[in-house]
Amino acid sequence: MEEVVPGLSDEERQVLSVEDSWWRSRIKKSDAIQATGMSSTHYYLVLNRALAKPAAELENPELVRRLKRLREKRGNERHNARVIRERGGNASGQNTVS
């Protein structure tokens, strides 16, 4: 029997379970989210809330660390893209303004 770590709600556990398994079932992530009965917005709010709790890392350390790495990577990519746009350049770093 799996030990339940206090500090995570049932909803947070459900979201972490989806994150851990949706890709193995060969369904689209959006379909897996919809199956939870949550809107996409609510799902991601719950996911971010869960990732902010130390209890999540205790419950599934590999998953939580991977999700945090992906979140940080995507945040960095968005930041870099914004900086490039503000400078009038493109992804190659070359200026597109003549």
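In nm, to one decimal, how far is the Ser39 label point from the Arg85 one, both placed 7 Å along Cα→Cβ?
Placing both labels 7 Å beyond Cα along the Cβ direction yields 2.3 nm.
Compute the projected area of the convex hull of the Cα atoms of region 10-86, averaged over all viewing directions, and report it in nm² to one decimal place. List each step's numbers first, then the result.
Working: hull surface 23.6 nm².
Across all orientations, region 10-86 yields a mean hull projection of 5.9 nm².
Of the peptides 44-51, 69-76, 26-33, how do they stack up when ordered by the mean number of other Cβ atoms within 10 Å, highest first?
Ranking the peptides 44-51, 69-76, 26-33 by packing returns 44-51, 26-33, 69-76.
Multiplying the sequence separation of Ser9 and Leu58 by 0.36 nm and subtracting their Cα-Cα distance, what value in nm do you get? Could you put the intermediate results ahead of the total?
Details: separation 49, 0.36 × 49 = 17.64 nm, distance 1.40 nm.
Stretched out fully, the Ser9 to Leu58 stretch lengthens by 16.2 nm.
Every number in this text was worked out from the coordinates using simple rules, so none of it is lab data. From a predicted model like this one, the values you see are computed outputs, not experimental measurements. Heads up, the Cβs are rebuilt from the backbone with ideal geometry, glycines too, and the neighbour counts pull from every protein chain shown.
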